[in-house]
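The values are calculated or read from the model by the stated rules, or taken from the named source; none is laboratory data. All figures in this text were calculated on a predicted structure; none of them were measured in a lab. As a convention, Cβ positions derive from the backbone with ideal geometry for all residues, glycine included, and neighbour counts pool all protein chains shown.
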Amino acid sequence: MNDYHFIKDQDPAVYQALMGEEERERIGIELIPSENYVSRAVREANSSVFTNKYSEGYPGRRYYGGQEFTDQIETIASTRAKELFNAGYVNVQPLGGAAANVATYFALLAPGETVLGMDLSHGGHLTHGHPTTAVNKVFNFVRYKMKDVDTGEIDYDQLRQLAHEHKPKVILAGFSAYSRELDYSQFVKIAKEVGAYTVADVAHIAGLIAGGVAKNPFTFGFDVMTTTTHKTLRGPRGGMIMVRENEELAKRIDKAVFPGMQGGPHMHTVAAKAVAFGEALTPAFKLYAKQILKNAKAMERVFKQEGIRLLAGGTDNHLLLADVYSSLGITGQAAETALDAVGITLNKNMIADDQRSALDPSGIRFGTPAMTTRGMQEKEAVALAEIMIATLRSIDDSTKKAELRKKVNTLCLSFPVPERFV
């Protein structure tokens, strides 16, 4: 991937860690749904001279001089994002998805006002108001759940009831471990009934939306979308906030990001976002997005055939959530550790209303964005699913796991991470 000549000469300890990570990614496979491999062009932009520059403010309205090229980069990034997501206004400065969510709350809410969002154990995200987060101390969060955890159906009757009872200022659609598509029209209808803003956190599915294989909440009248720029969008680690058409709302969000939440944006990351958005506008990216879904369905079929319980009954997107505790009698932590030993990286995850702790839950979460980036298709998705299940059924058999690791390594070496995607 990189040569790292200067680091090798100057800092051997850091160089060794870099080379270790290069090798780990080369011979193993990333199945964490929120992770991906980026192109060489994105990495070059992310390590560029823009890291040297402070750029508080926005294009044409900066607080420091020397902004000719930072303005160009930020304008390119926002213009491309508008085209990708059919947005009227875009802020590309948030440092991450969490920062984007928090800035959006402060733009739309006064302290003490209410957000109605998805429960964490039913697929939501920490920043949707989990009790351990700082925003939970500032705003009031009420949580809705799935009606049926075996189909993934959201309880829209409960959502409407909670909305009328609590009068939220924001109704939030979005998730980090939910494998079905949401009915965005229901959210908009309920929000209109109680006078709430609609916000969609599309961090996990942004690339699927950009690729035309997942619904765009703006099409149904959502006010705001927040997202990360990595995951399925295959860009650098960062965040973004998009507004459908309300200029006054966009101004409030800009002020919430800067100076409200952040100082100088990371312009090297903004440059890398611009490159990634350019890649996402190509026909090749649409094919990539379609293949992500095909690969996820292929893995779903194997897990179902082998009798492994899948939350929501399967997937409509890039991820799956498996209940390994009830299906195989092992915890999510034990499963994560065993799979890591054979070169398959995924994460332990709580299932709906899990009776186990977040650090040792009942489930595992995995997905197909990164494997699809490497060029793997349904055949390879099936092979990986079979290796995963074989590993989990031989969790204490070191000889068997060594054999399975060789299979993973051989498969991965046959599908190296490409340097360019366009």
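Among the residues of segment 94-107, is any farther than 29 Å from M267 by Cα and in contact (Cβ under 8 Å) with a residue 24 or more places away in the chain? So that I can check it myself, show each step before the final result.
First, pick out the residues of segment 94-107 that are farther than 29 Å from M267 by Cα: none.
So far as segment 94-107 goes, no, none of its residues is farther than 29 Å from M267 by Cα and in contact (Cβ under 8 Å) with a residue 24 or more places away in the chain.
On the phi > 0 side of the Ramachandran plot and touching a residue at least 60 places away in the same chain (Cβ under 8 Å): is that true of G375 in this structure? Explain how you work it out, then say what you get.
Details: on the phi > 0 side of the Ramachandran plot: yes; touching a residue at least 60 places away in the same chain (Cβ under 8 Å): no.
Criteria not met by G375.
Tally up the residues in segment 33-55 that are outside any loop (DSSP other than H, G, I, E, B) and either over 24 Å from the mean Cα position of the chain (by Cα) or hydroxyl-bearing (S, T, Y) (or both), please. Steps first, please.
First, the residues of segment 33-55 that are outside any loop (DSSP other than H, G, I, E, B): 40-46, 49-52.
Next, from what is left, pick out any that are either over 24 Å from the mean Cα position of the chain (by Cα) or hydroxyl-bearing (S, T, Y) (or both): 49-52.
The number of residues fulfilling the criteria is 4.
For the subset of segment 132-164 comprising residues that are of a type in the set (S, T, Y) and touching a residue at least 12 places away in the same chain (Cβ under 8 Å), which member is nearest to T114 (Cα to Cα)? Lay out the reasoning, then the answer.
Just the residues of segment 132-164 that are of a type in the set (S, T, Y), to begin with: 132-133, 144, 151, 156.
From what's left, touching a residue at least 12 places away in the same chain (Cβ under 8 Å): 144, 151, 156.
Details: Y144: 13, T151: 28, Y156: 18 Å.
That would be Y144.
Looking only at segment 57-77, which residues are in a loop (DSSP other than H, G, I, E, B) and either of a type in the set (A, V, I, L, M) or without any contact (Cβ under 8 Å) to a residue 12 or more places away in the chain (or both)? First the steps, then the outcome.
Step one: list which residues in segment 57-77 are in a loop (DSSP other than H, G, I, E, B), which gives 59-60, 63-67.
Those that are in a loop (DSSP other than H, G, I, E, B) and either of a type in the set (A, V, I, L, M) or without any contact (Cβ under 8 Å) to a residue 12 or more places away in the chain (or both): G60, Y63, Y64, G65.
Inside segment 301-331, can you point out the residues that are part of a helix (DSSP H, G or I), surrounded by fewer than 21 Cβ atoms within 10 Å (Cβ to Cβ) and free of Cβ contacts under 8 Å to residues at least 40 places away in the same chain?
Hits for segment 301-331 are K304, Q305, S326, S327.
Which one of these is farther than 30 Å from F421 by Cα and without any contact (Cβ under 8 Å) to a residue 60 or more places away in the chain: K167, K215?
Details: K215 fails: farther than 30 Å from F421 by Cα.
Every option except K167 fails the conditions.
Can you name the residue in segment 198-223 that is in a loop (DSSP other than H, G, I, E, B) and touching a Phe, Trp or Tyr at 6+ places or on another chain (Cβ under 7 Å) and is also surrounded by the fewest Cβ atoms within 10 Å (Cβ to Cβ) among such residues?
Of all residues in segment 198-223, those in a loop (DSSP other than H, G, I, E, B) come to 202-205, 211-216, 221-223.
When the remaining residues are screened for being touching a Phe, Trp or Tyr at 6+ places or on another chain (Cβ under 7 Å), the result is 204, 211, 215-216, 222-223.
Values: H204: 29, G211: 24, K215: 18, N216: 21, F222: 24, D223: 23.
So the residue we want is K215.
Checking the structure you have, find out if any residue of segment 33-46 is closer than 18 Å to P259 by Cβ and at pLDDT 95 or above. Lay out the reasoning, then the answer.
Quick first cut of segment 33-46, residues closer than 18 Å to P259 by Cβ only: none.
No; the residues of segment 33-46 include none that is closer than 18 Å to P259 by Cβ and at pLDDT 95 or above.
Anything in segment 203-240 that is in contact with a strand residue (DSSP E or B) (Cβ under 8 Å, 6 or more places away or on another chain) and basic (K, R)? List them, or say none. If you could, list the steps in order and put the result at the bottom.
Step one: filter segment 203-240 for residues in contact with a strand residue (DSSP E or B) (Cβ under 8 Å, 6 or more places away or on another chain), giving 203-204, 206, 217-218, 221-229, 233, 237-240.
The one that is in contact with a strand residue (DSSP E or B) (Cβ under 8 Å, 6 or more places away or on another chain) and basic (K, R): R237.
Taking segment 1-29 only, how many residues are among the basic types (K, R) and farther than 24 Å from I387 by Cβ?
Keep residues of segment 1-29 that are among the basic types (K, R), which gives 8, 24, 26.
Remaining after also requiring farther than 24 Å from I387 by Cβ: 8.
Residues flagged as among the basic types (K, R) and farther than 24 Å from I387 by Cβ within segment 1-29 amount to 1.
Quick check on my filter: what residues within segment 402-420 are assigned to a helix (DSSP H, G or I) and acidic (D, E)?
E403 - this is the single residue of segment 402-420 that is assigned to a helix (DSSP H, G or I) and acidic (D, E).
Of the conditions (1) over 26 Å from A276 (Cα atoms); (2) surrounded by fewer than 18 Cβ atoms within 10 Å (Cβ to Cβ), K348 satisfies every one except a single condition; which number is it?
(2)
Condition first: of a type in the set (V, I, T) and within 18 Å of R143 (Cα to Cα). Now tell me which residues in segment 159-212 satisfy that.
Let us first name the residues in segment 159-212 that are of a type in the set (V, I, T), namely 170-171, 188, 190, 194, 198-199, 202, 205, 209.
Residues satisfying the conditions are V170, I171, V188, I190, V194, T198, V199, V202.
Which numbered condition in (1) aliphatic (A, V, I, L, M); (2) in contact with a Lys or Arg (Cβ under 6 Å, 6 or more places away or on another chain); (3) over 19 Å from D223 (Cβ atoms) is the only one that L109 fails?
Among (1) aliphatic (A, V, I, L, M); (2) in contact with a Lys or Arg (Cβ under 6 Å, 6 or more places away or on another chain); (3) over 19 Å from D223 (Cβ atoms), L109 violates only (3).
With the checklist (1) within 20 Å of the chain's Cα centre (by Cα); (2) more than 30 Å from A110 (Cα to Cα) in hand, flag the one item V270 doesn't pass.
Of everything listed in (1) within 20 Å of the chain's Cα centre (by Cα); (2) more than 30 Å from A110 (Cα to Cα), V270 misses just condition (2).
Do the conditions hold for A81, that is, is it aliphatic (A, V, I, L, M), out of contact with any Cys (no Cβ under 8 Å at 6 or more places or on another chain) and part of a loop (DSSP other than H, G, I, E, B)?
Against the criterion (aliphatic (A, V, I, L, M), out of contact with any Cys (no Cβ under 8 Å at 6 or more places or on another chain) and part of a loop (DSSP other than H, G, I, E, B)), A81 does not qualify.
Only one of these conditions is not met by H128: (1) over 21 Å from the mean Cα position of the chain (by Cα); (2) within 18 Å of D223 (Cα to Cα); (3) at pLDDT below 95. Which number is it?
Of (1) over 21 Å from the mean Cα position of the chain (by Cα); (2) within 18 Å of D223 (Cα to Cα); (3) at pLDDT below 95, only one is false for H128: (1).
Could you check how many residues of segment 181-218 are over 15 Å from D157 (Cα atoms), aliphatic (A, V, I, L, M) and under 23 Å from the mean Cα position of the chain (by Cα)?
Matching residues across segment 181-218 total 11.
State which residue is modelled with the highest pLDDT when the search covers only segment 132-154 and only residues that are surrounded by fewer than 16 Cβ atoms within 10 Å (Cβ to Cβ) and within 18 Å of G97 (Cα to Cα).
A134
Inspect all residues belonging to segment 244-263 and state whether any of them is basic (K, R), touching a helix residue (DSSP H, G or I) at 6+ places or on another chain (Cβ under 7 Å), buried (at least 22 other Cβ atoms within 10 Å of the Cβ) and assigned to a helix (DSSP H, G or I).
No: zero hits.
Within segment 371-422, how many residues turn out to be under 22 Å from L233 (Cβ atoms) and of a type in the set (S, T, Y)?
Going through segment 371-422 one residue at a time, the tally reaches 2.
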